[in-house]
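Please treat every number below as a calculation from the coordinates, not as lab data. All figures in this text were calculated on a predicted structure; none of them were measured in a lab. Virtual Cβ from ideal backbone geometry, glycine too; neighbours counted across all protein chains shown.
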Protein chains: 2
Amino acid sequence: MSTLSYEILKQDKETHARLGLIRTRRGDIITPYLVPVATLASVRALGSDDLALLGVQCALANTYHLHLKPGDELIRKLGGLHRFMNFPGPLFSDSGGFQAFSMGFGREHNISKIGNIFPQETECHETSHMSLRERKKTGQTKDAKNENLTRITDEGISFKSMTDGAWHFLDAETSMRIQSNLNSDIIMAFDECTSPLSDYDYTKKAMHRTHDWAVQSLHHHDKSQALYGIIQGGWFEDLRRESTRFIASQSFDGIAVGGSLGNCKQDMHQVLDWVVPMLDDRPRHLLGIGEIDDIFEGVQRGIDTFDCVSPTRIARRGSLFVSPKAGGCPENKFRINIKAAKYRDDELPVDPNCQCPTCRSYSRAYLRHLYDAGELSYFRLASLHNLYFMLRLMEEIRESIRAENFMKLKNKWLKKI
Amino acid sequence: MSTLSYEILKQDKETHARLGLIRTRRGDIITPYLVPVATLASVRALGSDDLALLGVQCALANTYHLHLKPGDELIRKLGGLHRFMNFPGPLFSDSGGFQAFSMGFGREHNISKIGNIFPQETECHETSHMSLRERKKTGQTKDAKNENLTRITDEGISFKSMTDGAWHFLDAETSMRIQSNLNSDIIMAFDECTSPLSDYDYTKKAMHRTHDWAVQSLHHHDKSQALYGIIQGGWFEDLRRESTRFIASQSFDGIAVGGSLGNCKQDMHQVLDWVVPMLDDRPRHLLGIGEIDDIFEGVQRGIDTFDCVSPTRIARRGSLFVSPKAGGCPENKFRINIKAAKYRDDELPVDPNCQCPTCRSYSRAYLRHLYDAGELSYFRLASLHNLYFMLRLMEEIRESIRAENFMKLKNKWLKKI
């Protein structure tokens, strides 16, 4: 029996959107789904009891971070990631390639995977467990710009650890070994993530490297884990198509779209328009993306799973999600800023329509107070809300596909009627 | 009907220890009990759902802190403290006098209420929401030593706010109004807390001021709230006895022992030996004290309730409680330091005999990793453990009084057999 199977429960008639079921050795994932990110074996500020409370189906951990801290060998010794973080459901891990990029080239050039300036609120991967303010304090932002933190060859990626300053080396075999040590259920092939600053020639070179590493990953990976291949090729149509053909031709259990997604969100949509129609029915993951509009655009184009730290990250910074009924709209990114003075005496919950544990128990005034006072409980209550909100949105999206009104839902949220 | 009643369920035969029941307008408190501290309307790092999970009977909020942030008028407007922090059970508030002391004289002279150097791990009141490191960064420790932050007259206490730098004034009437705004169930009379550095004459003067303020507090307090009087008098026997006689002669609903408790724990025991035998059967609270040995010594001397931030504060700093069976003893203060390298691969829970949510779910290795990585989830999981541990200890103490073997339990823990 395969380590992963995928079934389309309902195909949208108007779009590529689909309701699906991914079966893993540790349980099922009903898709479309936004996979919460547990960078360092913890969805930031939340415990595994919170994940159970929110009904989180699966989570994604970061190979790069866990390799450095506490070390994947230690996690193996302790019985694997599920036992370590007390999460029984399916776990994804990424390949480490993106972090080697974002910690190196990305930081050096102040660039992210969709062309924005680093670091930014909407940037979707955890680049460090430190906040910008913390990095500024320790002088790490300055250093990073003036130093080569990454060296990439056909063999693999050398990178200087932000944790201990030592040089580390990742290649396909190492990435597969680390992910085997983690014992996650869905793992990613090792890849090189290019940036929007990379030119055609470099992006092509990197893509071919990624293809070689994809084959090596297939060879070296732990066969009890499901392996996703990663499509690269930047925002060059012929490269994306070539990469899609190659990755899709390999015996991966699923396909992920990675790498540079252009200079703006429209470029990202374009990449998906090139790539997804060329894919067969294996599950499709869009790496490191997950704002509300991105989710709708991705689902419409046939993406099954997303991962993004944004819900919990923006929560920690005071941005809390509100639905359209509570004033959320594309212009405000469906967020209120709880720091605002107007919430000082606001007795309403963050979103009066929300049934999350935070909205059921506390007022905006209380959350604003906790934020203002720097109370630690703020971070959990805010993260619970934002994560619940996104998971509820994913549920609404799934319901809409089942009820054949996905585009209606999308237009309601994005006001494109 | 009185706003508070107290019943002795069982009087220990060997000691002054007693099993009791305090009935308040918001429910009962079975004593002896360590009241968790919710300085700024949040037991640090925990939500009200966590308090419910742990079966917390009651909590204590700080008048001084809440007056400054977010403001007691705002809390009143928002329906009071219970609604604000979503805690339905009985709430204590202190009078603000101690904080005016600890933020002023205490900080100026690096002194705490039992003579130790400020700030210290065992110091039991929250002196600030900032850590020592944070205060050092902002230069506030230096400033504090070189500046008078408090001015005390017979009228009341003027203090410079650590929050906004402005001067504030507290007197009995103001303290009663603030506590009425908070709408807590058990409030404290306004008092002046002296330090172990205060001489006889000053301590006497302050005590008389406190007695005047006690009478004013009785006059001004919201009669729907239960009011405790506070015994002062430092570590001078005649003053403590005089204060006890005076406070006990007034129509307070309960009696608290406050102020300087001498230069060492033995001095504190001595103060209790002077004071408690002079008291009638109203409930007795020992302010700001609550390490494990203190609890046993206090209960033995007839104290019913304690309050202390120590369990959650030390948790945040990496100190986690372990019972005698797991190696806890007076010498290590029943604590392990989760930062220690030896816990790196330790698969055991913090305390293998503990049934708290953290010990049921995670290993020492995981908690050490979270601490080491600065993960926010650490603070909650560690606080849950330490608070559960103390509440379970209080339960054991109550059971021992019921079973007539309190001293046996005390000797087992403190190894005084």
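Summarising the label geometry, the points placed 7 Å from Cα in the beta-carbon direction at A:Lys205 and A:Arg25 lie 3.9 nm from one another. Only helices enter this figure: runs of n ≥ 4 DSSP H residues, each worth -39500 (n - 2.57), summed and divided by the residues of the protein assembly as shown, yield -11500 deg cm²/dmol at 222 nm to the nearest 500.
Mean partner shielding of peptide A:40-51, defined as the number of other chain Cβ atoms within 10 Å of each residue Cβ, is 6. Sorted into 5 angstrom bins from 0, the C-alpha pair distances of segment A:24-72 split as 5, 19, 25, 23, 18, 8, 1 percent.
Applied to segment B:177-185, the Karplus parametrisation 6.51 cos²θ - 1.76 cosθ + 1.60 on θ = phi - 60° returns per-residue 3J(HN,Hα) values of 5, 4, 5, 5, 4, 5, 6, 5, 8 Hz, with x for Gly and Pro. Under 5 Å from the amide H of A:Val37 lie the amide H atoms of A:Leu60, A:Cys308, each residue being 5 or more positions distant or on a separate chain, with H modelled from the backbone and absent for Pro and chain starts.
Among the trypsin sites (Lys or Arg not before Pro) found in segment A:1-42, those both in a DSSP coil and sparsely packed, with 12 or fewer other Cβ atoms within 10 Å of their Cβ, are A:Lys13. Its Cα gyration tensor gives segment A:224-342 an equivalent ellipsoid; the semi-axes, largest first and in whole Å, are 32, 15, 12.
I need the trypsin sites (Lys or Arg not before Pro) found in segment A:241-327, filtered to DSSP loop residues with at most 11 other beta carbons within 10 Å of theirs. Sites meeting the loop and neighbour criteria: none at all. Evaluating kT/(6 pi eta Rh) at 37 °C and 0.692 mPa s, with the Kirkwood radius of chain B over Cα pairs in the Stokes-Einstein relation, gives 153 µm² s⁻¹. Close amide H contacts of A:Gly288 (hydrogens built in the peptide plane, cut-off under 5 Å, sequence separation of 5 or more or a different chain): A:Asp307. For segment B:3-112, the fraction of C-alpha pairs farther apart than 24 angstrom is 38 percent. When the charge dipole of segment B:322-414 is built from unit charges on Cβ atoms (+1 for Lys and Arg, -1 for Asp and Glu) and taken about the Cα centre, the candidate among B:Asn332, B:Leu387, B:Leu414 whose Cα reaches farthest toward its positive end is B:Leu414. The amide H of A:Gly20, built 1.01 Å from its N in the peptide plane, has A:Leu9, A:Thr31 as neighbours under 5 Å, considering only residues 5 or more places off or on other chains. When only C-alpha pairs under 8 Å and at least 6 residues apart count, what is the relative contact order of segment B:1-71, in percent? In percent, rounded to a whole number, it is 23.
When GluC sites (Glu not before Pro) are flagged only if DSSP places them in a loop and at most 15 other Cβ atoms lie within 10 Å, the longest unflagged stretch of chain A comes out as A:156-346. Scalar couplings 3J(HN,Hα) for segment B:252-266, obtained by applying the Karplus form with A = 6.51, B = -1.76, C = 1.60 to θ = phi - 60°, are 6, 7, x, 10, 10, 9, x, x, 5, 10, x, 9, 7, 4, 4 Hz; x denotes Gly and Pro. Overall size of segment A:275-362 from C-alpha positions, given as principal axis extents largest first: 53, 25, 22 Å. Relative to the globular-protein estimate of 2.2 N^0.38 Å, the Cα radius of gyration of segment A:318-414 stands at 1.13. When only Cα pairs below 8 angstrom with a gap of at least 6 residues are kept, chain B shows a relative contact order of 17 percent. Averaged over the residues of peptide A:363-376, the number of Cβ atoms from other protein chains lying within 10 Å of each residue's Cβ is 6.
Coupling constants for segment A:50-65 follow from the phi torsions by the Karplus curve (6.51 cos²θ - 1.76 cosθ + 1.60, θ = phi - 60°), and in residue order they are 5, 4, 5, 4, 7, x, 4, 7, 7, 9, 10, 10, 9, 4, 4, 5 Hz; glycine and proline get x. In nanometres and ascending order, the distances from the B:Lys412 label point to those of the other copies are 6.0 (point 7 Å from Cα along Cα→Cβ). Mean-square fluctuations from a GNM of chain B, with a 10 angstrom spring cutoff on Cα atoms, peak among B:Leu170, B:Leu46, B:Leu34 at B:Leu46.
From the largest down, the protein assembly as shown spans 92, 58, 50 angstrom on the principal axes of its Cα atoms. Dipole magnitude for segment A:4-308: computed about the Cα centre from +1 point charges on Lys and Arg Cβ and -1 point charges on Asp and Glu Cβ, it is near 580 debye.
Taking Cα centroids, how far is segment A:17-68 from segment A:255-282 in Å? Here the two parts' Cα centres lie 22 Å apart. Computed across segment B:151-229, the Kirkwood hydrodynamic radius from all distinct Cα-Cα pairs reaches 13.3 Å. Sorted from shortest to longest, the distances between the B:Asp280 label points of this copy and the other copies are 8.8 nm, with each point 7 Å from Cα along the line through the beta carbon.
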